[in-house]
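Undergrad: Starting off with a structure, shown below.
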Amino acid sequence: MAPDAGPFVAGLFGLLVGSFLNVCIFRLPRDESIVWPASRCTRCNRSLDWYENIPVVSWLVLRARCRTCGERISWVYPIVELCTAVAFAGVYGLHGPSLLGVARLIFACSMIVLFVIDLEHRILPNVITLPGIVVGFAFSLFAPPGWFDSLIGILLGGAVPFAIAEAYERLRGEEGLGMGDVKMLAMIGAFLGWKLMLLTLVLASFTGSIVGLAFLASGYGRKYALPFGTFLAVAGAVAAVAGDPMVSWYASFYY
């Protein structure tokens, strides 16, 4: 039997989508259009030729520098493109050409964009999280996790972190969790349902605590605010891929 070329083709398409995600990552925090103008150098403002926009390859051939002015091209660009390619290939391998597969691809792309933007700018744009809640719930009407689990995920995803943030602010007198994180978790609940949303919150909180302790031990803890959205993005991706077995494993201790 000939090997299935689907994941490979999906990965190639993912490279192209990853190039577009890089545009979103750069322009959304700056309130720029993601459609116009065409891709350009951020320093000399020259529009890029088509052969300078080939995912990963152009970055390697140009040695990570603008062909005109020599401005360094961030390594984030090829990393985002490769991560998107892996996500597309993986989702196709897990779900094939299905409605759930499409939902998971939209979710994966959103997590990649939110991860990088929050890491670089400490913001989680409403233009992604709020429509993401609606899109996730719309898919749940026809695909897992189902509309009821999705709706509970939205409500809990918004309520739980909001309550934690309120309690923290009242006790400490300072903001501990931004509203962007609240809306992002509600979006995760819309796509994955309430069980995997709670798993995402637990995983993100655990990994965030470990990294935070490491920063404190290194002496940078008080100078660097950890972007919780980046931890939510990684945890959400893990929950989307392996969340159901993890929840079943945990529940087995009580049955």
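The values are calculated or read from the model by the stated rules, or taken from the named source; none is laboratory data. Since the model is a prediction, treat every value here as computed from it, not as a measurement. All Cβ positions, glycine included, derive from the backbone under ideal geometry; neighbour counts span all protein chains shown.
Undergrad: Working only within the range 1-23, note down all residues that are exposed (fewer than 13 other Cβ atoms within 10 Å of the Cβ) and farther than 17 Å from Val86 by Cβ.
TA: Met1, Ala2, Pro3 - these are the residues of the range 1-23 that are exposed (fewer than 13 other Cβ atoms within 10 Å of the Cβ) and farther than 17 Å from Val86 by Cβ.
Undergrad: For the range 24-64, enumerate the residues that are surrounded by 12 or more Cβ atoms within 10 Å (Cβ to Cβ), in a helix (DSSP H, G or I) and modelled with pLDDT under 90.
TA: Result: Glu52, single match.
Undergrad: Being out of contact with any Lys or Arg (no Cβ under 6 Å at 6 or more places or on another chain), farther than 20 Å from Gly18 by Cβ, hydrophobic (A, V, I, L, M, F, W, C) and modelled with pLDDT of 95 or more narrows it down to one residue among Phe115, Phe88, Phe139; which is it?
TA: Working: Phe115 fails: farther than 20 Å from Gly18 by Cβ; Phe88 fails: farther than 20 Å from Gly18 by Cβ.
Unique residue meeting the criteria: Phe139.
Undergrad: Any residue at all in the range 242-250 that is over 14 Å from the mean Cα position of the chain (by Cα), among the polar types (S, T, N, Q) and modelled with pLDDT of 90 or more?
TA: The answer is no, given that none of the residues of the range 242-250 is over 14 Å from the mean Cα position of the chain (by Cα), among the polar types (S, T, N, Q) and modelled with pLDDT of 90 or more.
Undergrad: While we're on this one: Is one or more of the residues making up the range 205-224 at pLDDT below 95 and within 26 Å of Phe142 (Cα to Cα)?
TA: Scanning the range 205-224, I find no residue that is at pLDDT below 95 and within 26 Å of Phe142 (Cα to Cα), so the answer is no.
Undergrad: So, one more: Restricting attention to the range 83-117, which residues are of a type in the set (Ser, Thr, Tyr) and part of a helix (DSSP H, G or I)?
TA: Result: Thr84, Tyr92, Ser110.
Undergrad: Among the listed residues Val80, Val135, identify the single one that is crowded, with 20+ Cβ neighbours inside 10 Å, in a helix (DSSP H, G or I) and touching a helix residue (DSSP H, G or I) at 6+ places or on another chain (Cβ under 8 Å).
TA: Values: Val135 fails: crowded, with 20+ Cβ neighbours inside 10 Å.
Selected residue: Val80, the only one of Val80, Val135 that is crowded, with 20+ Cβ neighbours inside 10 Å, in a helix (DSSP H, G or I) and touching a helix residue (DSSP H, G or I) at 6+ places or on another chain (Cβ under 8 Å).
Undergrad: If you don't mind, another one. Quick check, is Arg65 more than 22 Å from Leu185 (Cα to Cα) and outside the structural domain of Lys195 (by TED's automatic domain parsing)? Break it down into steps so the answer makes sense when it comes.
TA: Details: more than 22 Å from Leu185 (Cα to Cα): yes; outside the structural domain of Lys195 (by TED's automatic domain parsing): yes.
The answer is yes for Arg65.
Undergrad: Going by what's in this entry, would Cys83 be described as at negative phi and either outside the structural domain of Glu52 (by TED's automatic domain parsing) or modelled with pLDDT of 95 or more (or both)?
TA: Working: at negative phi: yes; either outside the structural domain of Glu52 (by TED's automatic domain parsing) or modelled with pLDDT of 95 or more (or both): yes.
Taking the combined requirement at face value, the residue satisfies it.
Undergrad: With (1) in contact (Cβ under 8 Å) with a residue 60 or more places away in the chain; (2) among the hydroxyl-bearing types (Ser, Thr, Tyr); (3) farther than 24 Å from Gly93 by Cα as the list, and Thr42 as the residue in question, which single condition is left unmet?
TA: The one condition Thr42 does not meet is (1).
Undergrad: Still on this structure, I have one more. Checking the condition touching a helix residue (DSSP H, G or I) at 6+ places or on another chain (Cβ under 6 Å) and under 25 Å from Arg122 (Cα atoms), which residue from Ala89, Ala108, Ala10, Ala103 passes?
TA: Sole residue among the options that is touching a helix residue (DSSP H, G or I) at 6+ places or on another chain (Cβ under 6 Å) and under 25 Å from Arg122 (Cα atoms): Ala108.
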